[in-house]
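Heads up: the structure comes next, in structure tokens.
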Amino acid sequence: MKRFLTAKLVIVTLFLIGSSAATADVISGKLEFVKKPPFTGILYVSNAGESDKKPAIDQKDKAFTTKIAVGSPNNIMQFSNSDTFDHNIYANDKKQKVKFDVGLMTPGNSTKLKMVWPDDSLVRVGCKIHPKMRSYVANIKSDHYHPFAFEKKVKSYDFKIEQVPSDKKLLTLLMPKYDKQIIELAKGESKTIEITRKGKVKGSLTITRN
């Protein structure tokens with residue numbers, strides 16, 4: 001009897017996993033720019049779960065080691081200095097009302113900061129000692145996303161987001177200085193939308209959901 005119940009439990013578990021996988025979608029497509037792209041960006045399924053992400057940004061060779069870090073509201077963001085130089089990390093985004101300054105970071109040190117800034121935001125982070133340094137932090141309520149690390153001479157980028165809940169139809173595209181794009185996409189649909197900056201067309205997003 002015990003073996004029978006155990007086997008039945010395994011079958012039910014496998015059925016639930018299979019059912020969950022069957023209801024998950026795959027979103028894929030291409031992001032193309034007319035001229036050079038922005039510094040970075042992120043495409044994500046809106047309001048598709050929060051997780052205990054551990055976003056982190058490090059510094060080396062007078063540069064941030066990543067163009068974008070992704071966290072959820074109230075996650076703990078870690079900034080580190082693996083460089084041989086002193087650094088300072090700060091943000092001063094008046095539009096999104098995000099302002100912080102972690103002070104001087106000597107080599108080998110790190111500091112943590114709670115992400116209490118607005119949801120669905122993309123905040124620039126810089127170094128007051130080295131003005132050319134920059135990175136971005138995305139604060140999103142989603143476990144389903146694709147970050148972009150754009151390159152100056154590359155105009156076309158493929159993407160894929162897997163295991164997307166079928167009941168989550170809205171997607172958001174955030175890029176620095178570009179207009180925020182919100183796309184509604186159901187299973188089986190394909191769309192091409194214009195990417196704009198201050199209302200001017202700068203590219204296109206072709207997206208499909210299967």
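The values are calculated or read from the model by the stated rules, or taken from the named source; none is laboratory data. Keep in mind that what you see is a predicted model, and the values were worked out from it rather than measured. Cβ sites come from the backbone with ideal geometry, for glycine too, and all protein chains shown count toward neighbours.
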- [ ] Scan the strands (runs of 3 or more DSSP E) fully inside segment 100-210 and keep the ones with 3 or more residues being farther than 20 Å from residue 78 by Cα.
- [x] 145-149, 156-165, 170-174, 181-184, 190-197, 200-209
Open item on the list: Consider segment 162-179. How many of its residues are surrounded by 13 or more Cβ atoms within 10 Å (Cβ to Cβ) and basic (Lys, Arg)?
Closed with: 2
Open item on the list: Here is a check on your reading of the model: is residue 20 modelled with pLDDT of 95 or more and of a type in the set (Ser, Thr, Tyr)?
Closed with: no
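Per-residue answers, yes or no, for (1) crowded, with 17+ Cβ neighbours inside 10 Å; (2) closer than 21 Å to residue 147 by Cβ:
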{"residue": "57", "(1), (2)": "yes, yes"}
{"residue": "64", "(1), (2)": "yes, yes"}
{"residue": "77", "(1), (2)": "yes, yes"}
{"residue": "83", "(1), (2)": "yes, no"}
{"residue": "86", "(1), (2)": "no, no"}
{"residue": "91", "(1), (2)": "yes, yes"}
{"residue": "96", "(1), (2)": "no, yes"}
{"residue": "115", "(1), (2)": "yes, yes"}
Open item on the list: Where the second residue is surrounded by fewer than 17 Cβ atoms within 10 Å (Cβ to Cβ) and part of a loop (DSSP other than H, G, I, E, B) and the first is without any contact (Cβ under 8 Å) to a residue 12 or more places away in the chain and lies in segment 147-173, which pairs have Cβ atoms under 9 Å and are six or more apart or on separate chains?
Closed with: 167/23
Open item on the list: I need a count of the residues in segment 154-168 that are in contact with a Leu (Cβ under 8 Å, 6 or more places away or on another chain) and closer than 14 Å to residue 143 by Cα.
Closed with: 1
Open item on the list: So residue 34 passes all but one of these: (1) surrounded by fewer than 13 Cβ atoms within 10 Å (Cβ to Cβ); (2) at pLDDT below 95; (3) under 30 Å from residue 169 (Cα atoms). Which condition number does it fail?
Closed with: (2)
Open item on the list: Looking for something surrounded by fewer than 16 Cβ atoms within 10 Å (Cβ to Cβ), under 15 Å from residue 44 (Cα atoms), not basic (Lys, Arg) and not assigned by TED's automatic domain parsing to the domain that holds residue 61 - is there at least one such residue anywhere in segment 125-147?
Closed with: no
